[in-house]
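First the structure, in the form of structure tokens, and then the observations on it.
The values are calculated or read from the model by the stated rules, or taken from the named source; none is laboratory data. All figures in this text were calculated on a predicted structure; none of them were measured in a lab. Every residue, glycine as well, gets a Cβ built from its backbone with ideal geometry; the counts of neighbours run over all protein chains shown. Note: areas computed on protein heavy atoms with side chains; ligands, DNA, RNA excluded. Shrake-Rupley method; radii C 1.70, N 1.55, O 1.52, S 1.80 Å.
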Amino acid sequence: VYCLRPAIIKKAVDFFVENFESSKNPTEILYSVKSNPDRQVLTHLFKSGIKHFDVASIVEVKLIHELFGDKVKMYFMHPIKSRESIKEAYFDFGIRDFSLDCFDELHKILDATDNAKDLGLHVRLSIPNSHSAIDLSGKFGILPSESVGLLRKVRASATRLGICFHVGSQCMDPVEYRNAIMITKEVVENAKVNLDVLDVGGGFPSIYPGMTPPNLQSYFDEIFDSINQLNLNNKCKIWCEPGRALVAEAGSLVVRVEARKKNMLYLNDGTYGGLF
């Protein structure tokens, strides 16, 4: 039995809305749909004020469109996408923002959108994930040392140029965001490009038994203190993509113990059911 507490979702959303703020730049909160795509969860997020969604597949695109139509904005922030998904997202659902981490993906996006002139393209950097429960640095992202040429090419192709990164899922040390932003600073200076978006990604942690991260406010402090060291223009938007930080503590799964062997409990649901 899944138990959902909408008031906790609203409390989490309110915290991000009130505290993920820059004194200089506009900010936006994109909910990472893949972290929990349950329809009730999504509806409560929308009612709590989330109007921007980070979608990772065409299935998620269709789900968000079905639920909210033109009342929300979607961003296709998965770095690897099929041509069909890009084309459908752009022409059928009005998505204009896509992430990428290589030249091949850039060419794919441009080709699938008929070289559209209104694209927001966001280059994902590979950032070390040394203090995260799940390391994503080897899966997606271009190495900062190899990113200059791609950034310049994207700048020439896109209406909006962004840089994004992911410090890893369930990041337990807020200084990881500072490290990532300092790497971004060096990359931008080397490429000599102007950014329209800096997306600090997800990774914001939740509390679990035996795993209590620092207060979320300390993450925001690290992010905006380090962003102030970048020479961003005042119109450059700062995005984040929280997932579990908005929904994990709002849900519980009630299970039944069907057997005990010494210290081992056997439940009627497990890792491959709901307990991930």
Within the chain, which DSSP H helices have Cα atoms that stretch 27 Å or more along the helix axis and a mean Kyte-Doolittle hydropathy of at least 1.6?
none
Give me the one-decimal nm value for the distance between modelled label points at Ile8 and Lys73, 7 Å along each residue's Cα-to-Cβ direction.
3.1 nm
For the Ser218, Ala259 Cβ pair and Förster radius 41 Å, calculated FRET efficiency rounded to 0.05 is 0.45
Just report the Cα centroid separation between segment 148-184 and segment 90-119, whole Å.
18 Å
Given the options Met74, Leu30, Leu63, identify the residue whose Cα lies farthest towards the positive end of the charge dipole of segment 5-78 (+1 on Cβ of Lys, Arg; -1 on Cβ of Asp, Glu).
Leu63
Going by the alpha-carbon gyration tensor, a ≥ b ≥ c the square roots of its eigenvalues, is segment 1-91 rounded (a/c under 1.5) or, if a/c is not under 1.5, prolate (a/b greater than b/c) versus oblate?
oblate
Could you check what % of the DSSP bridge pairs in the chain are antiparallel, to the nearest 5?
30 percent
With the convex hull built on the Cα atoms of segment 150-265, state its orientation-averaged projected area in nm².
10.3 nm²
Before I look further, what does the chain give for accessible area per residue, probe 1.4 Å, in whole square angstrom?
50 Å²
Which of Arg260, Arg96, Arg124 moves most in a GNM of the chain, Cα contacts under 10 Å?
Arg260
Beyond 24 Å between alpha-carbons counts as too far, so tell me which of Lys62/Lys87; Lys10/Lys185; Lys34/Lys73; Lys117/Lys139; Lys87/Lys117 fall in that bin.
Lys10/Lys185; Lys117/Lys139
Given all pairs of distinct Cα atoms, segment 124-216 yields a Kirkwood Rh in Å of 13.9 Å
Relative contact order, percent, of the chain when contacts are C-alpha pairs under 8 Å separated by at least 6 residues?
21 percent
Can you tell me, using C-alpha contacts under 8 Å and at least 6 residues apart, the relative contact order of segment 164-276 as a whole percent?
28 percent
How much of the accessible area of the chain, in percent, comes from carbon and sulfur atoms when a 1.4 Å probe is used?
51 percent
Taking Lys and Arg as +1 and Asp and Glu as -1, residues besides Asn19 with C-beta under 13 Å from its C-beta add up to -4
